[in-house]
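Peer 1: Please see the structure below; I have some questions.
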Amino acid sequence: MSTRKVLTMVSVAALLFSPAVFSFDPTSDANEGSIRVLGEKIDSGLGDLSPNYTASEFMHRVAGQKLDSGLGDLSPNYTGAEFQHRVAGQKLDSGLGELSPTYTAAEFQKAQVVATR
């Protein structure tokens, strides 16, 4: 094969790959699974809605309607104490070891903080 034919084939191959090369956006989300074209405008699908639009016209409520919390007739101060099993003498570990309640980790802070109560 002559040098001219080889260069022509390389040029054709480069032209075939040029759309993918020039539309590559390294900042696009890799998990998105799509290639974005430079200058492409992403449409949210919301048209010209204002940021504080609430779609209140689609929130139908009937007069006297009560929204169910799913908690039945439980009082607001119900704690579920019957499901909180503790053993007599059990001590709950905070995971902080023997640190005092006034410990502030000041040695790890850039500016020294003095704990006050």
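Peer 1: Picking from SER50, SER28, which residue would you name as being assigned to a loop (DSSP other than H, G, I, E, B) and at pLDDT 80 or above? Give the derivation first.
Peer 2: Details: SER28 fails: at pLDDT 80 or above.
Of the residues listed, the single one that is assigned to a loop (DSSP other than H, G, I, E, B) and at pLDDT 80 or above is SER50.
Peer 1: Shifting gears a bit: Based on what the data block shows, is LEU71 modelled with pLDDT under 80 and touching a Phe, Trp or Tyr at 6+ places or on another chain (Cβ under 9 Å)?
Peer 2: In short, yes.
Peer 1: Run down GLU107, GLU98, GLU82, GLU57 and say which single residue is surrounded by fewer than 10 Cβ atoms within 10 Å (Cβ to Cβ), over 33 Å from the mean Cα position of the chain (by Cα) and in a helix (DSSP H, G or I).
Peer 2: Numbers: GLU107 fails: over 33 Å from the mean Cα position of the chain (by Cα); GLU98 fails: in a helix (DSSP H, G or I); GLU57 fails: over 33 Å from the mean Cα position of the chain (by Cα).
Step by step, each of GLU107, GLU98, GLU82, GLU57 is checked, and only GLU82 is surrounded by fewer than 10 Cβ atoms within 10 Å (Cβ to Cβ), over 33 Å from the mean Cα position of the chain (by Cα) and in a helix (DSSP H, G or I).
The values are calculated or read from the model by the stated rules, or taken from the named source; none is laboratory data. Just so we're clear, the structure is a prediction, and the values are computed from it rather than from any experiment. Note that each Cβ is placed from the backbone with ideal geometry, even for glycine, and that neighbours are counted across all protein chains shown.
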